[in-house]
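The values are calculated or read from the model by the stated rules, or taken from the named source; none is laboratory data. Quick caveat: nothing in here was measured; it's all calculated off a predicted structure. Glycine also receives a Cβ, built like all others from the backbone with ideal geometry; neighbour counts cover every protein chain displayed. What goes into the accessible areas is simple: the full protein's heavy atoms, side chains included, and nothing from ligands, DNA or RNA. Shrake-Rupley method; radii C 1.70, N 1.55, O 1.52, S 1.80 Å.
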Amino acid sequence: MGSQARAGDHPPDGGPAVLRGGRGLIAGGHVLAASEIERVFREEYGRAVAVLVRVFGDIDMAEEAVQDAFVAAVQRWPASGLPPSPAGWIITTARNRAIDRLRREASRDDRHAQAALLQARNEPAEEGDVPDDRLRLIFTCCHPALAPGVQVALTLRLLGGLTTAEIARAFLVPEATMAQRLVRAKGKIRDARIPFRIPNEAELPVRLGGVLAVVYLIFNEGYAASSGDRLVREELCAEAIRLGRLLIQLMPGEPEAMGLLALMLLIESRRAARTTSDGALIVLAEQDRGRWDRDLVAEGQGIVRQCLDRNRPGPYQIQAAINAVHSDATDAAATDWWQILQLYNQLLSLAPSPVVALNRAVAVAEVEGPDAALTLLDGLELDRYHLFHAIRADLLRRLGRNAEAELAYVQAIARAENAAERDFLQRRRQALSRT
């Protein structure tokens, strides 16, 4: 639609602006909560955008059209209630709104609009999901022309439905910086005419790393939401696992794709035990392992064994192996921390990062003691990361340095955006005063 930034470059995060501040809307004599419409927006955003990108070949247009559809939903759903297929309603409405806009622009001799309108007319009138659309969009976002970090951020925005603020927190950068990166990335895809397709076999290995990173970050955001009241966003976990299975179908035998799926399955197996009935966080050491999903554990462990047979270790396979060791233990005391530490040593050599070093320090604390682990933390630059301060607080608590531990908890609480995590950290801080 042109090289200049437009209103659609900055769609309101988290849903239509008219939802903000609304307590509820009346539908059929009942209150249809604004939060319910926003939930649908979050769950269906990636699917709808992917379908519309296929139809129109333009990311900005797709986002604008989906945004228009949700504005229409806010106007209509209070009277009619949720449609039987919200996803189909959104996609159909967005497609129609985009075609109406293109017709107006095409009448002004806008050649781009004329071409997009012709492409849209040649596409089937798709009201549901096309299974591979989201996978195609991931590969588009993970084109080598884009920097790796931008690839991940853009896909999280378009497919994960994450807000710019959530993505910025995941990357530990200011929100304004991330917003600029997303606008530039979409502009580059448009201007370079990067195709919306799954690469051919020769191109796949080059693109795989970015795609795996995207899928894993979508899963992470679902399993431990970076903001909001809910600890878990089940729809994102399910979407990431679905995409992981598709990648294995696309590249059967690729060990890192297998490792990622195993990692997600093993982590997902613990979901039912991660919270109390009222949503309070339960840490791994305190979980009722009888509530773990043994089918997911068995599937994940089976994939890990297949990866070991291939003997081509990579970061996702090692992380999956770490979680397989956790899933082997009948209780926290039975965990083989020495083996986990060896795996973290291997992971740190293959994929060094401050976050990996932080997680390794947790294993060091179990093998060598909290003092040794605390020394490792002092050399990490993770001040913006709430888990860094939370782990540091726990190590200080175990060393009996309660005053320092309380200060560390304060810093962790100040940086935690998720309500369940904040509440957990508050409880840990309060417990210090009773010891």
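Just reorder Thr163, Thr375 by solvent-accessible area, largest first, 1.4 Å probe, all chains present. Don't skip to the end; give the middle numbers.
Details: Thr163 15, Thr375 95 Å².
Output order, biggest surface exposure first: Thr375, Thr163.
With Rg and the Kirkwood Rh both taken from Cα atoms, where does Rg over Rh land for region 342-387?
Details: Rg = 10.2 Å, Rh = 10.7 Å.
Dividing the radius of gyration by the Kirkwood radius yields 0.95.
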- Item | Per residue accessible area of region 206-307, 1.4 Å probe, in Å² | 38
- Query: Expressed as a whole number of Å, what is the distance separating the alpha-carbon centroids of region 49-100 and region 128-206?
  - Reply: 21
- Message: For region 418-435 and region 312-349, what is the centre-to-centre distance using only Cα atoms, to the nearest Å?
- Response: 28
- Task: Could you list which residues have their amide H under 5 Å from that of Ile282, counting only those 5 or more apart in sequence or on another chain, with H placed in the peptide plane?
- Result: Thr275, Thr276
- When the accessible area of region 136-220 is split by element with a 1.4 Å probe, what percent falls to carbon and sulfur? 57
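Taking the mean number of other Cβ atoms within 10 Å as a proxy for protection, how do you rank 360-366, 257-263 from highest to lowest?
Values: 360-366: 21.1, 257-263: 26.7.
Ranking the peptides 360-366, 257-263 by packing returns 257-263, 360-366.
Taking all protein chains as present, what is the carbon and sulfur share of the accessible area of region 49-96, in % to the nearest whole number, probe 1.4 Å?
Using a 1.4 Å probe with all protein chains present, region 49-96 comes out at 56 percent carbon and sulfur.
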- Task: Counting residues in region 206-337 as N, plug N into 2.2 N^0.38 Å and put the Cα Rg over that result.
- Result: 1.04
- Query: In region 304-435, what is the volume of the convex hull around the alpha carbon atoms, normalised per residue and reported in Å³?
  - Reply: 124
